[in-house]
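Please read the structure below before turning to the comments.
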Amino acid sequence: MEMSMRERDGVAIVDLNGRLDLSSGTALKERVKSLFEQEKMSIHLNLSQVEFINSSGLGSLVSIMKETRLRKGRLTLSDLASYVQEIFDITQLTNIFEIFPTEKEALSSYQPVATN
Amino acid sequence: MAVYELIYSSVLESEEPMLDRLQALLYEHSVCDRDARDFMLAVSEAFTNALLHGNRCQPNKEIKVLIDINQKVLCADVIDQGRGGADKVKKKCPSSLLSEGGRGVDLMRYCSTDVKFVEDEKGDLTVSIRLERQDDRQFNK
């Protein structure tokens, strides 16, 4: 799996490309850990190019989410391919992750809401 | 009918070449995307079980993957050298949504027609996966 990093308005964005499984899930956890070490606590994972995910990949995401919560940060996901979305649905992980249809919507949710 | 035998050592790095090879075989036999993804998911779960829970990542232990592709069915036997533990594998399930593991067996069952766990006299575990090909049929899952 290939991973690349971007940042927008203080949100660290990780683009994932390929299969999210045991070995790539471990690498992803390491990558996010390095973000935490840089004090980046707002993490967005763009899964648009993830073609395959298994229980090990899901476990890695759960681990990252728990670590993010522990650090009072926030983790969002977006652009799940239909097959990946289905895996989230059947494992009921849609109930514990913040999943957005698009990256744009996910990033908007980080912006403070203007009040009168 | 085509039968393939793939053998890997029990290291984390084996998963990727196994999936690469399996994907290539499914493509070669014109298996539709949906069946290919389901079959790859089921086999990857069995492979991970064999690697982590059966062979406990001991590189000297092998994981054998037997693939049988025909017009109607995709079959895989994933065999470890773990010397026991079938009941434990079958009963594994996540204790809560926040558990990091325990979803593999459920996913295996979800994306295949049938899954069997058979332990031989030495205690080696074979996970047998069978998926009836849907190919051009309407997908109902």
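The values are calculated or read from the model by the stated rules, or taken from the named source; none is laboratory data. In this text the structure is predicted, and so the values were computed from the model without any measurement. Neighbour counts are summed over all protein chains in view; Cβ atoms, including those assigned to glycine, are modelled from backbone coordinates with ideal geometry.
Identify the residue in segment A:35-69 that is within 26 Å of B:Leu19 (Cβ to Cβ) and among the small types (Gly, Ala, Ser) and, among all such residues, is farthest from the other protein chains (Cβ to nearest Cβ).
A:Ser48
Just name the residue that is nearest to the other protein chains (Cβ to nearest Cβ) out of those in segment B:21-40 that are surrounded by 15 or more Cβ atoms within 10 Å (Cβ to Cβ) and charged (D, E, K, R).
Checking each candidate, the answer is B:Arg37.
Please work out if A:Lys72 is surrounded by fewer than 16 Cβ atoms within 10 Å (Cβ to Cβ), at the interface with chain B (Cβ under 8 Å from one of its Cβ atoms) and at pLDDT 95 or above.
Answer is no for this residue.
This table checks each residue for (1) farther than 30 Å from A:Glu98 by Cβ; (2) within 13 Å of the chain's Cα centre (by Cα); (3) surrounded by 14 or more Cβ atoms within 10 Å (Cβ to Cβ); (4) at pLDDT 95 or above.
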site	(1), (2), (3), (4)
B:Leu19	no, yes, yes, yes
B:Ala42	no, yes, yes, yes
B:Ile63	yes, yes, yes, yes
B:Gln71	yes, no, no, no
B:Lys88	yes, no, no, no
B:Lys91	yes, no, no, no
B:Gly102	no, no, yes, no
B:Asp114	yes, yes, no, yes
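Considering only residues that are among the acidic types (Asp, Glu) and without any contact (Cβ under 8 Å) to a residue 40 or more places away in the chain, which ones fall in segment B:19-48?
Of everything in segment B:19-48, those that are among the acidic types (Asp, Glu) and without any contact (Cβ under 8 Å) to a residue 40 or more places away in the chain turn out to be B:Asp20, B:Glu28, B:Asp33.
Among residues belonging to segment A:75-116 that are exposed (fewer than 15 other Cβ atoms within 10 Å of the Cβ) and in contact (Cβ under 8 Å) with a residue 40 or more places away in the chain, point out the one that is nearest to the chain's Cα centre (by Cα).
Only one residue tops the list, namely A:Tyr110.
Take segment A:1-51 and flag every residue that is of a type in the set (Ser, Thr, Tyr) and either loosely packed, with under 13 Cβ neighbours inside 10 Å or not in a helix (DSSP H, G or I) (or both).
Hits for segment A:1-51 are A:Ser4, A:Ser34, A:Ser42, A:Ser48.
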